[in-house]
Amino acid sequence: METLLQLPEPLQAWYAPARASVHIMLILVVSWLLRRVAFKALGTLRGRLIDGAVDTEREKRIATLEQVARYVITVVMLLVAGMLVLSTLGISIAPILAAAGVIGIAVGFGAQSLVKDYFTGFFLLLENQVRQGDVVEVAGKGGLVEEMTLRYIRLRDYEGSVHTIPNGLVETVTNRSRGHAYAVIDVGIAYREDIDAVFDLMRHEGAALREDPAFTDKILEDLEIAGVEAWADSAVVLRCRFKVRTLEQWGVRRAYLYRLKKAFDAADIEIPFPHLTLYAGQLKDGSAPPMRLVQEAA
C-alpha cells in the first residue's frame, strides 16, 4: 500500500491491472513449462521402459498409455491454470467449485453416455485390449488405430476413411495385431480333379512362397492344409492356412493365390466359375465328346 501511495497519481490507477496481468502471465508461463517438463519426463520414461528391446507389442502399449497421459496432463493443467487466473482476477473460485459440483451431478444424469465412454476407455487401456497401431474391428468398423483416448477410438480403414468411435459403443473388440495371425485360404477345384495331387501342388507352391525373399520373414511356418472344407454346388472347397506375422496375412494370402492360379493353369487343374457345361460321359482325358445341343428353326 505504501508503494502504491508513492507512485504518481496517473500510474496508481494502472498498478493493480498491471500487477494482475503480470501474475496471469506468470501462471500461464509456469503452466506451459510444467506441461513441457511433464511431456519430457513421459518421453524419458517411455525410452527407459522400452530400453532398446525389440518388442512391438510392448511399444504399442507404452505409446498408447503415453498419449492418454499427455491428454490427462493437458486437461489438469488447463483446469488448475484457469482456477489460478480466476483467483488472480479477484473472482472467488469456491462458489464456482460448489456450483460445478451441483452442475456436475445434473450433467451426470444427462450425460451418462459420456461417463460411460470414459469408464469403458479406462478399462480398455487397463486390460490392454486396444493400443495405438493395432488393426482392430469395433462397433462394426475396422481399421488401423491412429488415436486412443479415454473417450474415443479413432480408426483409419483401408480406403483412408477415418472413423471416430466413442468407447461407450465398444462391446466387442476384434484385435488382429496380437502375437501372430493366420492367412486362411479357401481353394475351389472341380469334382473330377485328384484331390491328393492338388494337395501336393499346394504344398509345393507354399514352400516356394516361403522361400521367396520378400516373404521369408513374414511366414512363420510351412503351409498347413486342413483338408476338404465343403462340397459346394460346383466345386470341392479345400482349406489351408499360413502362420504369419501380424498384419501380414492379407499380403501373404494374395501372393499365394497369385502363385496358385498360375500353377493350376500350368497343371490343367480346373478352377470352377459360374458357367454351364453339359457332358455326355466325358472323362478328363476327353475320350468322349461333349454333348452338343442344336436348336432347329420351327
**Request:** Give K141/K262; K40/K218; K141/K243; K40/K243; K218/K262 a once-over and call out the pairs whose C-alpha atoms are over 28 Å from each other.
**Result:** K141/K262; K40/K218; K40/K243
**Asked** From the Cα gyration tensor of the range 138-182, with a ≥ b ≥ c the square roots of its eigenvalues, which class applies: rounded if a/c is under 1.5, or else prolate if a/b is larger than b/c, or else oblate?
**Response** oblate
**Request:** Return H163, H180 ranked ascending by Cβ neighbour count within 10 Å, so the fewest neighbours appear first.
**Result:** H180, H163
**Complete:** In terms of the alpha carbon gyration tensor, root eigenvalues a ≥ b ≥ c, rounded if a/c is under 1.5 and otherwise prolate when a/b exceeds b/c or oblate, the range 152-285 is prolate
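If neighbour count is taken as other Cβ atoms inside 10 Å, put F199, F123 in order from fewest to most.
Listing F199, F123 from fewest to most nearby Cβ atoms yields F123, F199.
Where a number appears in this text, it was derived from the coordinates with a stated rule and is not lab data. Owing to the predicted nature of the structure, the values given are computational and were not obtained by experimental measurement. Ideal geometry is used to build each Cβ from the backbone, glycine not excepted, and the neighbour counts take in all protein chains shown.
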